[in-house]
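The values are calculated or read from the model by the stated rules, or taken from the named source; none is laboratory data. Bear in mind that the values here come from a model prediction, so they are computed numbers and not experimental data. Quick reminder, even Gly has a Cβ in these numbers, built from the backbone with ideal geometry, and neighbours come from all protein chains shown. Heavy atoms of the whole protein, side chains included, go into the accessibility calculation; ligands, DNA and RNA do not. Shrake-Rupley method; radii C 1.70, N 1.55, O 1.52, S 1.80 Å.
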Amino acid sequence: MVTARGLRLIPAGIALGCVGLLLASCATSIGQGPQTQLEITIRDDGSEISQQYSLECTGEQAAESSTLPNASKACLQLELEPGAIAGEVDPQEICTEIYGGPQRAEISGTLHGETVNTSFSRHNGCAIDRWDAASFLLGSVKT
């Protein structure tokens, strides 16, 4: 038989459990550093370093230490489209042979905790498309 006192303790126990879960989730998110840390190097002429930036994101939020212009927008974009900097072009992919310019770029670091080390160029249509997809990190091409 359940007493009136026992019925009052059930909601209190549920509330206490919810508070414990809330505090535990706050503690784990406070202790984590940036989930994304990228170093971006751009070479407008293909060889000499033109720009170098760093980007640190925790979710959609850019760290103040980020030097990339529009860092907050870039963090949001990486959350929406992490594949923009993932992987290399398939060597078997058929690409148009159109030259987009001498520009080269490298991105290294971590994306959502996973290691990233990738490069970009504009030597053919596939590479141009890939550069354009990552333009929020690489910037527009100077002509």
**Q.** Protein-only accessible surface order, largest first, of 108, 72, 54 at 1.4 Å
**A.** 72, 108, 54
Q) How much net charge surrounds residue 65 when only the other residues with a Cβ under 13 Å from the Cβ of residue 65 are counted, with Lys and Arg +1 and Asp and Glu -1? A) -3
